[in-house]
Number of protein chains: 2
Amino acid sequence: MAAAPPAGDHGAEEVGRRIRTLREERGLSLSTLARLAGVGKATLSGLENGTRNPTLETLYAVTAQLGVPLTAVLSGPAGTPTVRGAAVDATLLEVFTDTDATYELYRMRVSPGPPQLSPAHQAGVTEHVTVFSGVLRAGPLDAPLTAGPGEYLRWTSDVPHSYAAVGDEQVRASLLLRYPRD
Amino acid sequence: MAAAPPAGDHGAEEVGRRIRTLREERGLSLSTLARLAGVGKATLSGLENGTRNPTLETLYAVTAQLGVPLTAVLSGPAGTPTVRGAAVDATLLEVFTDTDATYELYRMRVSPGPPQLSPAHQAGVTEHVTVFSGVLRAGPLDAPLTAGPGEYLRWTSDVPHSYAAVGDEQVRASLLLRYPRD
DNA sequence: CCGAGCCGTTCCGTAAACGGAACAGCGGAC
DNA sequence: GTCCGCTGTTCCGTTTACGGAACGGCTCGG
């Protein structure tokens, strides 16, 4: 005992809790799920209790049998990296890698106050913003654009640019960054 | 039986490819990333080549150092809730619930061929599409719109509407559905 | 030309995740 | 009462993912 594995480990225990919850929601016993998923009972037991550091293969076998994506047990409130600035608070939701370019999709919140500046990116990088609520003023420093709810902005971000909320309302928007392949 | 998903292939190679892409985008060498992430070079090498079955701890160490969520390298075609039709294949990425409206953010692929029809939604629902690649023709049946890479479409979807790829290239886009609060 | 310093891959001993079996605890059948 | 079937946990031998070191390949610099 006491051999307690690194308790402060990342979300291993959180992952275990979610799997146990999902299993019990389905009325499955540990033994049954282990058999259906093709893993040992010891493996699943340790996994649910957070005393193991599961393999991707193991996790996939279990989550697939539960009928949920891997992200359902992994992505946690504390798990996703967030970029914070004076006014902008952006959470990276997804990364798409296509043949022509890589896309990063963020959910963005811009708080009222002075504009937040962002340095120039590599040549060819474009930003695409869809505003959900509030009024956003963003784009190149010398030619900012404005958009309200439901509207769309696009600019080439190889020059310094800024983000600002117009008025007192916080702006909520989705931000898509496109990095062309070299 | 039980509609077993591909048990052997859980996308280990796909995960490796994404990690390698993310690493190269950042201009990091394999050795450097391995040192920064605190894992062995052999581990990272095998991981990128798909010859290993990484543990959650290893994956987390690497993705955290790359500054992306685990979902960025895991989210695969399998497992995620997906809406499929004749031509359109959409994956739900995120749901935002704000005070004014609910937003559903999809990643969408439209394959070449005849248009896919979609019935009218509730009054006030709007759709917002940002095209990544290919040329998309979509919108109300009587007034469809066209957009190419980097362009944006918006229409009110309280009437029947359609989606179609123009030309032979598959269309990749992000689709934002906005449901106003009653 | 040759060594220095990187690159990424392969080799190898060790630590640990794995599945099967044995275990204790509980509830119902007879 | 005993037995059975089930629960979830623990023990244990096997498999394998791990990191350090050694390796071949490439690009510089002297």
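Structural remarks
- Ranked B:Y106, A:Y179, criterion: other C-beta atoms within 10 Å, fewest first: A:Y179, B:Y106
- Annotation: the residues A:H128, A:H121, sorted from fewest to most other C-beta atoms within 10 Å of their own C-beta, follow the order A:H121, A:H128.
- Per-copy distances of the A:L30 label point, shortest first, in nm (7 angstrom along Cα→Cβ): 4.0
- The base-10 log of I(q)/I(0) for the stretch B:106-182, evaluated at q = 0.12 Å⁻¹, reads -0.29 [Debye formula, identical scatterers on Cα atoms, solvent excluded].
- Label point at B:T102 placed 7 Å out along Cα→Cβ; residues across the stretch B:141-182 whose backbone nitrogen lies under 14 Å: B:177-182
- Virtual spin-label span in nm between B:A143 and A:S31, 7 Å along Cα→Cβ: 6.6 nm
- Local electrostatic count at B:V39 - Lys and Arg +1, Asp and Glu -1, tallied over other residues with Cβ under 13 Å: +2
- Other copies of B:G113: label-to-label distances in nm, shortest first, labels 7 Å along the beta-carbon direction: 5.1
- Ordered by the count of other Cβ atoms within 10 Å of each Cβ, fewest first, B:E14, B:E127 give B:E14, B:E127.
Each value in this text was obtained by applying a stated rule to the coordinates, not by laboratory testing. Quick caveat: nothing in here was measured; it's all calculated off a predicted structure. So basically every Cβ, Gly included, is an ideal-geometry build from the backbone, and we count neighbours across all protein chains shown.
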